[in-house]
Structure formats: structure tokens, C-alpha cells
Amino acid sequence: MFCLDYRVLHNTLPFSFSKSFVWLCLVAVGCDPSRLLLAPPVSLELRERIVAWRYELHLSISDIVRLSNRCDKTVRNVLKIYRDYDALSPNLGVANAYLTKMT
């Protein structure tokens, strides 16, 4: 059996699929989806650093990619979540908005 890196598969295709769709396709062709390597989750500490590097130190995305050892898309997603929700996680932003609305 071989080990497939989701990031390689995702970045080599000319279009984007969800992880669940890729898993279904792998099962359909007889591959073991448990052997699929996913990118590690981004910790809260790393999210804080990415935001600080961008908005406090005004580093470029490419510099942040090198410092964080994450791909360009991950860094941009962290910054987008921070911009959209004013929080480091979309769940925290939604919870804050709900609590603010309740008071």
C-alpha cells in the first residue's frame, strides 16, 4: 500500500475538491484513506504569531510562509479568518458575536 499526501494531490489538480470527496474517491478505487496524510492543524499559538507577523511587523506573506513552515494557502486562511471574524478561529468569532448580541 502507498501513502498519499493530500496536500500534493490537492495542489496538483487544476480544480479543488473537499477532503471528504477525495476520501470517497480513494475508497472507490480501493485505497485505504487512513493512510492519507493531512496537514497538521494550526495551533492557536501559531495563529497568534501569523497575525502578529502580518499586522504588527508588516511582514509579507512569503516571509510568514517561511517563518511558520506552512503553505501560502494556510497563512492566507488564518489571516482571512482573523479579518472576517476578528478572532483567531471562526468558532471564537461567532461565539463572541453571539455573546455581544445577547448583552
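The values are calculated or read from the model by the stated rules, or taken from the named source; none is laboratory data. For clarity, every value in this text was computed on a predicted model and none was experimentally measured. No Cβ is skipped: glycine too gets one built from the backbone with ideal geometry, and neighbour counts run over all protein chains shown.
Numbers for the structure displayed
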item	result
Criterion violated by Leu38 - all others in (1) at pLDDT below 85; (2) surrounded by 12 or more Cβ atoms within 10 Å (Cβ to Cβ) satisfied	(2)
One residue from Ser20, Ser89 being loosely packed, with under 12 Cβ neighbours inside 10 Å and either modelled with pLDDT of 90 or more or among the hydroxyl-bearing types (Ser, Thr, Tyr) (or both)	Ser20
